[in-house]
Amino acid sequence: MHWHNFDTYANQQEQWLAMESDAERQRLAARRQLEKQGDAEKGGETIVDLRLADYRTGLAGRILLDLVKSNGKRLPLNRLKVGSPVVLSDSTDLKDQGIGGVVSKRNPDSIQVAVENWPEAKFLRLDLSPDETTRKRQLSALATARRLTGRSARLRDTLLGLQEPRFDALSEYDFATSLNASQQQAVAFALSARDVAIIHGPPGTGKTTTLAEVILQAVRSGQRVLACAPSNTAVDNLLERLVDMLPSVVRVGHPARVFEWLRGHTLDELVEADESTAIVQEMWRDVEELMRTASRYSRSRHANRNRGELYAQAGRLRQEARALERRTVRYILQSSDVICTTTTVDEELLADQKFDLVVIDEACQCTEPAIWQAALRGERIVLAGDHCQLPPTVVSAEAAKQGFDISTMERLIQRFDHEIFRRLTVQYRMNTHIMNFSSEQFYDKELVADVSVAEHSLRDLSGFDSQQLADVPVQFWDTAGASWEEELEPDGLSKRNPQEATWVIQQARQLLESGLPAEELAIIAPYAAQVRLIRDQLNLPGLEIDTVDGFQGREKEAVIVSFVRSNTQGEIGFLRDIRRTNVAWTRARRGLWLIGDSATLAAHPFYQRLVEYVEEQGGYHSVWELGAQ
């Protein structure tokens, strides 16, 4: 998609944001309809019957609540990701308006929510809330970008594709990490950009490691860097790389999974460690005491006046405490070399701070309006990601159809091709049998497996004792002709395939019984109903069963993929977006098992080639070999 000027571009983005807002409201209405049918959790946007397991306080009086199912079971399949805006309310009272919050951490058994106020109810529910705050920030950033002039306007227009990207001569660097040739070239290329550069990182190629080196070299040359990503997990992955390389890195926002040794780099911890914090905490205690004193009943004729004076004194002290805390925060942020945050930048925290370099990781998962808050703060911008994996999540099907799910990074690569990006080509995850199909279909056959992984297989794992399962790294089990047909989940809109699910469970048990640790196996299905079906029948500690979206950026030693679709019409639904299958395929390090109906799938040329490739590898089987009837 090519834009002729920024006003046309901004108008279209604003229209798509409005369509997205409408789609979210419609989804909320559909969720309420499901609720009337007695299954509030089916849509994945609500979790009911939660209880408080633990809590702690964070910066600025934020309360972090750890919530678990009251019956002790795992959380249901849900879309409440870290950073998602939510409403926490009384699970037993549908009229309760609840309190707003943000998901700050999650795992299969619990979910943590950051809130400003304490919930009153014993049993709680979480509902995904339309993220109007983020949308307003994006609209504000677009409005600001319209008014840019001079150097900033040129950077804006380069991001738009109206100006050619400019690069200085490549410099040589003393690299802090051991980088391969393509990584070194990508770092030098990114640092030579006068406006915008892109690092294209296919699965397992060390994109985050490369990006961390870009940031380090920029800091060494005296630059300040804003390092962003659309998800908290991606920000934390970058933080983990940076803290060993740079002393002055600050993590702003809701860390998804901050390890003990990383916590000293979060803004909360740095503020708490500052000597001024003891004074602030004492001031807050004084505020509480003043409020308690004021609230006590008194028959004194001067009671109302005294009470008013106490409240006023508490108000002044509260303002002083917040002002002192803000000064501490401002000092910590301004003295840092690198600030790590999501692309939803906290404008109040960062105020008017500018940066020499803005880096956006996983840029292909950002809609276009999502990058502008960060982009407006930079002199130069480096985008990194892989447009051959999952695109941005867009709720409005019509907006996606019109182009809202095309990221800035993908659009710039389409516009300028190799002029604006460098691709990382050595991957450290998959053996060659798994890698080659993805390389052929998505990466111009440029990927090379590092010698450390090129021939690795399940047989190399300690305790794994099945040569038969390890001999062929990629297998496709064909259900064509077996009448293993898809069906709609009862009372739902998602599809499942019970017979495929049974085969997946049997194969998973074989792998586990052969010595594969449950933590090293993933089961992936494109449809949530299939995930729910398999989870209900195979609930083992450590074993992860999820949709494709849940495994983006992850890897496992072995992966089982259930394609689900099997019908006489050759209809494959959103499997037509072959990037989803690329994600599922490339999660596997040593072994990959796929099951599907070739008669349905092969109506699409990509899946026809997939079946042919597995046949060439000697891994094609029919379920008739198992006596299917």
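Odds and ends about this structure:
- Low-density loop positions, trypsin sites (Lys or Arg not before Pro), segment 118-218 - DSSP coil, at most 15 other Cβ in 10 Å: LYS122, ARG147, ARG166, ARG194
- The ellipsoid that matches the Cα gyration tensor of segment 65-107 has semi-axes, each √(5λ) in whole angstrom, of 18, 16, 9, with the longest given first.
- Between segment 192-259 and segment 505-547, the alpha-carbon center distance in angstrom: 33 Å
- Fully extending the segment from ASN539 to ARG79 would add 163.7 nm, taking 0.36 nm per residue of separation and subtracting the current Cα-Cα distance.
- Spherically averaged projected area of the convex hull of Cα atoms, segment 176-232: 4.5 nm².
- Scaled radius of gyration (Cα, divided by 2.2 N^0.38 Å) that segment 97-171 gives: 1.88
- As computed over segment 488-561, the Cα convex hull volume per residue (Å³): 78 Å³
- For the pair ARG51 and SER462, the difference between a 0.36 nm per residue extended length and the Cα-Cα distance amounts to 143.9 nm.
- Positive minus negative residues near GLN468 (Lys, Arg vs Asp, Glu; Cβ under 14 Å): -3
- With all protein chains modelled, accessible area of MET1 [1.4 Å, Å²]: 90 Å²
- nm² value of the averaged projected area, convex hull over the Cα atoms of segment 426-530: 8.7 nm²
- Residue range of the chain that is longest and free of chymotrypsin sites (Phe, Trp or Tyr not before Pro) which are both DSSP loop and sparsely packed (at most 13 other C-beta within 10 Å): 298-629
- Calculated Rg and Dmax of segment 501-616 using C-alpha coordinates, Å: 13.7, 40
- Under Karplus coefficients 6.51, -1.76 and 1.60, residue-wise ³J(HN,Hα) of segment 428-440 in Hz, glycine/proline x: 10, 10, 8, 6, 4, 5, 7, 5, 4, 5, 4, 4, 5
- With the whole protein complex present, THR568 retains an accessible surface near 120 Å², based on a 1.4 Å probe.
- For segment 441-576, relative contact order (Cα pairs under 8 Å, six or more residues apart, normalised by length) works out to 24 percent.
- Annotation note: GluC sites (Glu not before Pro) in segment 375-439 located in DSSP loop regions with a Cβ neighbour count of at most 15 within 10 Å are absent.
- Rg and Dmax of the chain, Cα atoms only, in Å: 26.4, 94
- Look at the alpha carbon pairs under 8 Å that are at least 6 residues apart: their mean separation over the length of segment 170-252 gives a relative contact order of 25 percent.
- Relative contact order for the chain, counting Cα pairs under 8 Å that sit 6 or more residues apart, in percent: 12 percent
- Each other residue within a Cβ distance under 11 Å of ARG459 adds +1 if Lys or Arg and -1 if Asp or Glu, for a net charge of -3.
- Integer Hz, Karplus 6.51/-1.76/1.60 couplings in order for segment 208-223, x for Gly and Pro: 5, 4, 5, 5, 4, 5, 4, 5, 4, 5, 5, 5, 4, 8, x, 9
- The GluC sites (Glu not before Pro) of segment 78-180 meeting both criteria, a DSSP state outside H, G, I, E and B (loop) and at most 13 other C-beta atoms within 10 angstrom of the site's C-beta, are GLU116, GLU120, GLU172.
- Summing charges over neighbours of LYS556, with a neighbour being any other residue whose Cβ is under 14 Å away from its Cβ, gives -1 when K and R count +1 and D and E count -1.
- Kirkwood estimate for segment 389-446, i.e. one over the average of 1/r between Cα atoms, Å: 13.7 Å
- Couplings 3J(HN,Hα) for segment 383-397, derived from phi with the Karplus relation 6.51 cos²θ - 1.76 cosθ + 1.60 (θ = phi - 60°), are 9, 9, x, 8, 6, 8, 10, 4, x, x, 6, 10, 6, 6, 4 Hz, where x marks Gly and Pro.
- Cα extents of segment 298-415 along the three principal axes, largest first (Å): 77, 38, 18
- If the Kirkwood radius is taken over C-alpha pairs of segment 460-504, then at 37 °C and 0.692 mPa s the Stokes-Einstein diffusion coefficient equals 243 µm²/s.
- Over segment 59-145: Kirkwood hydrodynamic radius from C-alpha pairwise inverse distances, Å: 14.1 Å
The values are calculated or read from the model by the stated rules, or taken from the named source; none is laboratory data. Bear in mind the structure is a predicted one, so any value in this text is a computation, not a measurement. In this analysis, Cβ positions are derived from the backbone assuming ideal geometry, glycine residues included, and neighbour counts consider all displayed protein chains. What goes into the accessible areas is simple: the full protein's heavy atoms, side chains included, and nothing from ligands, DNA or RNA. Shrake-Rupley method; radii C 1.70, N 1.55, O 1.52, S 1.80 Å.
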